[in-house]
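To start, the structure itself, in structure tokens.
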Amino acid sequence: MSTLIVTDNEFATVRYYTESGILHHEWKKYCHGKVFRDIMLASTRCLKENKGTKWLSVMFSEYRAAGINAQAFDTVPEAMAWLETQ
């Protein structure tokens, strides 16, 4: 599978898998502000330019260690239902 490296720095590695249209984030450590914005904008630009259709984001281990559980949803009702069970 052909892979493009979109971003690779101390905060994240972002790859785009050309054949499957998947953008893949691997967060290495917490970031915010301009650094976070630049990573997200580069990722969005890659999806648009390559007509990508899928986004996979792997949270870094500090979230789990801190007891934070994250989940993505398509609708607010789905998200609310899930949150109420946590």
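Could you list, in sequence order, the residues of the range 1-47 that are small (Gly, Ala, Ser) and surrounded by 11 or more Cβ atoms within 10 Å (Cβ to Cβ)? Even if it seems obvious, please write down each step before you answer.
Just the residues of the range 1-47 that are small (Gly, Ala, Ser), to begin with: 2, 12, 20-21, 33, 42-43.
Ala12, Ser20, Gly21, Ala42, Ser43, listed by residue number.
Quick one: how many residues across the range 42-86 are part of a loop (DSSP other than H, G, I, E, B), at pLDDT 80 or above and under 24 Å from Ser20 (Cα atoms)?
Filtering the range 42-86 for residues part of a loop (DSSP other than H, G, I, E, B) gives 51-53, 59-60, 66-75, 85-86.
Right, trim to at pLDDT 80 or above and you get 51-53, 85.
Checking the rest, the ones that are also under 24 Å from Ser20 (Cα atoms) come to 51-53.
Summing the residues that are part of a loop (DSSP other than H, G, I, E, B), at pLDDT 80 or above and under 24 Å from Ser20 (Cα atoms) in the range 42-86 gives 3.
The values are calculated or read from the model by the stated rules, or taken from the named source; none is laboratory data. All values reported here derive from a predicted model rather than from experimental measurement. For neighbour counting, all protein chains shown are included, and Cβ atoms are generated from backbone atoms with ideal geometry for every residue, glycine included.
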